[in-house]
1. For the residues B:71, B:154, what sequence is obtained by ranking on other C-beta atoms within 10 Å, fewest first?
2. Rounded, prolate or oblate: pick one for the range A:1-143, where a ≥ b ≥ c are the square roots of the eigenvalues of its C-alpha gyration tensor, a/c under 1.5 means rounded, and failing that, prolate if a/b is larger than b/c, else oblate.
3. Take the alpha carbon gyration tensor of the range B:12-191, find the square roots of its eigenvalues, order them as a ≥ b ≥ c, and report rounded if a/c is under 1.5; if not, report prolate when a/b exceeds b/c, else oblate.
4. Which order do B:115, B:164 fall in if you start with the one that has the fewest other Cβ atoms within 10 Å?
5. What whole-number distance in Å separates the alpha-carbon centres of the range A:51-112 and the range B:24-38?
6. 222 nm [θ] for chain A, helices only, -39500 (n - 2.57) per DSSP H run of 4+, per residue, to 500?
């Protein structure tokens, strides 16, 4: 049964990382500190591609699933997404997603990628829920996750400190039952 | 003058972990799966003293080499009996934010000494580590811990729905948060 449709959406496709190319892309992406600050709670910093490649080679754990996000029209690598922190007993995983190429922001590419991750998580991994956290100062991210079906589950008050003030951590989650209901509505 | 005794409370003291002896004791406690889930993020199951000892050694190593975690034993001052552990498993220094896991082995000790243990942890977190907030995760079935944090200045901030599985059903994961100002308020209430 040859099937690559599960990981193919309307705008993007999820593919296994090619470490060398990915590290080179990341070196460019983190030069845009807005990318790092939307994605990471740790201080934004600059890393050479070689070091990031070494990090993948040394630290890569089989219990995290990495995907490169590629645009369907020209197969360009525009971002990446991970599913990790699996709790197979409760059926939970955490998702992270980032688009490094700015010109793809705010056009539905991230939401399309997230829909693919959710389809993979529920249909293939048989998870019961998918979790994420997102920073208060990232309304575009929050809207995208809402559009993909995530529900708000609370806020960690004043969790982050950036630009001299504190910001909440927004927690979101989607249950398998909610995802299934969304699929049913789409068919109707 | 500053408060000099961070590790000595009314009834309790925080102590360095004794990898051999404390691991043997905690192995007994992990047979209570609610305790095991409260102290560790991993799937709750009874742990061998051997694996617990290895975890302690990793905690201490990471603590001294990277300063990204702190891990102490909680003991009674009167007879030095070990009653539980306090673990700050991960620090975000740039955000001045951390996580807190307190586990007390016996329910009777949890009810009697839990508040004091949390207050000592908060004193360390805010007075010595200079942090601004702490998050305490509590699986929804651990009612004693939820009550403990609610009584010590924490606010229930997040319900991660169906995040836990125990005793044949799903439970929410509760995230409690305490900010420096919540703690200041608590101290004033205790003093007045």
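Computed from the coordinates by the stated procedures, all read-outs in this text should not be read as laboratory data. Quantities reported herein were computed from a predicted structural model and do not represent experimental measurements. Cβ atoms come from the backbone with ideal geometry, glycine included; neighbour counts cover every protein chain shown.
1. Exposure proxy ranking, most exposed first: B:71, B:154.
2. rounded
3. Taking the square roots of the gyration eigenvalues as a ≥ b ≥ c, the range B:12-191 is rounded.
4. Ascending Cβ contact count within 10 Å gives the list B:115, B:164.
5. 36 Å
6. Result for chain A: -10000 deg cm²/dmol, rounded to the nearest 500.
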